[in-house]
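Below you'll find the structure, written out as structure tokens, and then a few comments.
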Amino acid sequence: MIKALVSIDVDLAASRTIRFACQLGYFMPVELHPVYIKESPSRELSIGSGWARHHWEQELVQEGKKEIAEWMASEIDYSPEVKVMEPRVVCGDRDAELLRFMEAESFDLYVEGARFPWNQAMLYQKIHSRLFQRTQMPIALAPVLRKIHKLLVPCLDAAGTRALGQVLPQLWSGCSIPVALSLLQGQEAVLQPEAQRVREALEQASCQVGPEEVFTNFPAPPPDEYLREYGLMALALERGSHKDNPRLAWLSQFKAPLLLALY
């Protein structure tokens, strides 16, 4: 059972988040743990302090529960077979509260609907945020929704391929979605040994792995019809990636859900 922490809000991005997470539930056992963070009012705007502030925040939480209850019910109707835990609503700083959940409980996946502009600058900021830098689990980002046919795993370098090999077998264990390992064109001989290790680990985890492919869509982005063939991509990124990292520029043009492994 994959235990997924899902960050939600009452907006379109959160709708994509839940539907993407539920889509995974068609292919593997997934338990969704939705969390809705209500931003805490600044102290300057608070009426009084101490008990008064605590009471105000409790009212915000109750308001958040009402906001989210009907919205969640309508979203889950699309995937009634997926196990969804009762949404937790807390008041405070979003990143700090999500990190508290991650530190207090063990999760296998963090899911977010990419509620930020999907461009290179914002991707850089997101990856270098306190939340992403401290998250040790794979991260699913859904800037758009696509029907998932296969998991595309581009092997762009040895270190990134190795990082994917450490997280994918556990996450994808027994999943019925096939995995397509794709070696960067011109680097096949260098990357094949690492890709073979990933293949073996995935097969030991009862994953379906197709024949190795040649990846020709970097640094130019894949055409839309290519993305439709897969629907989901797994990619490894260094936590210390620079602003001008070509992979960030590439990702900013990539319109498909993403499984991100930071190393």
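The values are calculated or read from the model by the stated rules, or taken from the named source; none is laboratory data. Everything quoted here is computed from the prediction, not taken from an experiment. Don't worry about glycine lacking a Cβ; one is built from the backbone with ideal geometry, like all the others, and counts go over all protein chains shown. Only protein heavy atoms, including side chains, enter the accessible area calculation; ligands, DNA and RNA are left aside. Shrake-Rupley method; radii C 1.70, N 1.55, O 1.52, S 1.80 Å.
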Going by alpha carbons, how many degrees (0 to 90, nearest 10) lie between the helix axis of 158-171 and the longest principal axis of the chain? 60 degrees
How far is it, in nm, from the label point at ARG134 to the one at TYR263 when both lie 7 Å from their Cα along the line to the Cβ? 2.4 nm
For the table LYS3/LYS243; LYS83/LYS150; LYS66/LYS255; LYS83/LYS147, the rows whose alpha-carbon distance is greater than 25 Å are LYS3/LYS243; LYS66/LYS255
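I need the shape label for the stretch 144-223. Rule: rounded when a/c is under 1.5, else prolate if a/b > b/c, else oblate, with a, b, c from the alpha carbon gyration tensor. If you can, show how the numbers build up before the last one.
Values: a/c = 1.88, a/b = 1.14, b/c = 1.65.
Taking the square roots of the gyration eigenvalues as a ≥ b ≥ c, the stretch 144-223 is oblate.
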Given axes a ≥ b ≥ c from the Cα gyration tensor, I'd like to know whether the stretch 75-160 is rounded (a/c under 1.5), prolate (a/b larger than b/c) or oblate. oblate
Would you mind checking the tilt of helix 12-24 against the longest principal axis of the Cα atoms of the chain, expressed as 0 to 90 degrees and rounded to 10? 50 degrees
Cβ-based charge dipole, the chain, positive-most Cα from ALA69, ILE8, GLN120: GLN120
In terms of the ratio Rg/(2.2 N^0.38 Å) built on C-alpha atoms, what value belongs to the stretch 165-210? 1.14
Per residue value of the accessible surface for the chain (all protein chains in place, 1.4 Å probe), Å²: 46 Å²
Cα point-scatterer Debye curve for the chain, base-10 log of I(q)/I(0) at q = 0.07, 0.11 Å⁻¹: -0.26, -0.62
Can you say what percent of the DSSP beta bridges in the chain, counting only those with both residues inside, are antiparallel? Round to 5. 10 percent
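In debye to the nearest 20, how big a dipole does the chain give about its Cα centre with +1 on each Lys and Arg Cβ and -1 on each Asp and Glu Cβ?
Computed charge dipole of the chain: roughly 260 debye.
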Rounded, prolate or oblate: which fits the stretch 118-263 when a ≥ b ≥ c are the square roots of the eigenvalues of the alpha-carbon gyration tensor, with rounded for a/c under 1.5 and prolate only if a/b beats b/c? rounded
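May I ask you to give the percent of accessible area on the chain that is carbon plus sulfur, with a probe radius of 1.4 Å?
For the chain, the apolar C and S fraction of the accessible surface comes to 52 percent.
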Mean-position separation - Cα centroids, the stretch 185-224 and the stretch 108-137, in angstrom: 24 Å
Using just the C-alpha positions of the stretch 194-263 as equal point scatterers, what log10 of I(q)/I(0) does the Debye formula give at each q in 0.16, 0.21 1/Å? -0.71, -1.13
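Counting pairs of alpha carbon atoms under 8 Å apart in space and at least six apart in sequence, what relative contact order in percent does the stretch 60-180 give? Spell out each step's value before the answer.
Details: 67 pairs, mean separation 27.9, N = 121.
Reported as a whole number, the value is 23 percent.
Quote the FRET efficiency, to the nearest 0.05, computed for MET122 versus ASP93 with a Förster distance R0 of 30 Å and r equal to the Cβ-Cβ distance. Walk me through the intermediate numbers first.
Working: r = 19 Å, r/R0 = 0.63.
My answer for the efficiency is 0.95.
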